[in-house]
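> Just dropping this structure here.
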Amino acid sequence: TTEIYTLSLHDALPILFGLYTSLVFMTIIYTLVSVLGDIGKAGAIVMLVLQIAGSGGTYPVVLLPEFFQKIHPFLPFTYAVGLMREAIGGIVWERVIHDMLFLAIFAVLALIFGAFLKEPINKHSRELKKKSQESGLFP
């Protein structure tokens, strides 16, 4: 016999939460790279390393060194891990709303950072690049 599999809400939640999380992280990384260029790429990598270690995804936060315990609430991946835990382990909607709200705050902060600093920083970096080319030290 052939069975038709229907996708229930419980089955779709990890996918939906993953899409939401990826949208937030794409916004953060794109903004960093757009505003800061290569420095933004390096910053995104540093952020990635800190988040893998300090988000509570690999080890419980209470077992982490004190530094990671202190930065834990300020890492967006902390809330992404919490959101995925809810999708997989059972939904507590208050936690889902809490984690989604904090992820949205990180995305909005990234957009504000990009909106207000992109032009001044890019203007300054263009002037710096022009001066370095005029000096003849850099091709």
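> In the list Ala80, Ala87, which residue meets the criterion of being modelled with pLDDT under 95 and in a helix (DSSP H, G or I)?
Details: Ala80 fails: modelled with pLDDT under 95.
The conditions single out Ala87.
> Ok, one more. Checking Thr58 against (1) assigned to a loop (DSSP other than H, G, I, E, B); (2) among the hydroxyl-bearing types (Ser, Thr, Tyr); (3) closer than 13 Å to Pro76 by Cα: exactly one of these is not met. Which one?
(3)
> Given the condition open to solvent by 80 Å² or more (accessible area, probe 1.4 Å) and within 20 Å of Phe25 (Cβ to Cβ), answer yes or no: does some residue in the range 51-65 qualify?
yes
> Look through Phe74, Phe68 and report the one residue that is among the aromatic types (Phe, Trp, Tyr) and under 20 Å from Tyr20 (Cα atoms). Spell out the reasoning first.
Working: Phe68 fails: under 20 Å from Tyr20 (Cα atoms).
Within the list Phe74, Phe68, the selection yields Phe74.
> Could you list, in sequence order, all residues of the range 29-39 that are modelled with pLDDT of 90 or more and open to solvent by less than 50 Å² (accessible area, probe 1.4 Å)?
The answer is Thr31, Leu32, Val33, Ser34, Val35.
> Considering only the range 89-115, state which residues are in contact (Cβ under 8 Å) with a residue 12 or more places away in the chain and exposed (fewer than 12 other Cβ atoms within 10 Å of the Cβ).
Selection gives nothing.
Conditions tested, residue by residue: (1) under 30 Å from Lys123 (Cβ atoms); (2) in contact with a helix residue (DSSP H, G or I) (Cβ under 7 Å, 6 or more places away or on another chain).
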{"residue": "Gly56", "(1), (2)": "no, yes"}
{"residue": "Glu66", "(1), (2)": "no, no"}
{"residue": "Phe74", "(1), (2)": "yes, no"}
{"residue": "Ala107", "(1), (2)": "yes, yes"}
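> Give the range 66-79 a look and list any residue that's surrounded by 11 or more Cβ atoms within 10 Å (Cβ to Cβ) and either touching a residue at least 60 places away in the same chain (Cβ under 8 Å) or among the charged types (D, E, K, R) (or both), or say none.
If the condition is that a residue be surrounded by 11 or more Cβ atoms within 10 Å (Cβ to Cβ) and either touching a residue at least 60 places away in the same chain (Cβ under 8 Å) or among the charged types (D, E, K, R) (or both), then Lys70 is the only one that fits.
> Has the range 20-42 got any residue that is in contact (Cβ under 8 Å) with a residue 60 or more places away in the chain and farther than 21 Å from Leu75 by Cα?
Yes, the range 20-42 contains a residue that is in contact (Cβ under 8 Å) with a residue 60 or more places away in the chain and farther than 21 Å from Leu75 by Cα.
The values are calculated or read from the model by the stated rules, or taken from the named source; none is laboratory data. All values derive from a computational prediction rather than experimental measurement. Quick reminder, even Gly has a Cβ in these numbers, built from the backbone with ideal geometry, and neighbours come from all protein chains shown. When the accessible area is computed, the model is the full protein with side chains, heavy atoms only, and any ligands, DNA or RNA have been set aside. Shrake-Rupley method; radii C 1.70, N 1.55, O 1.52, S 1.80 Å.
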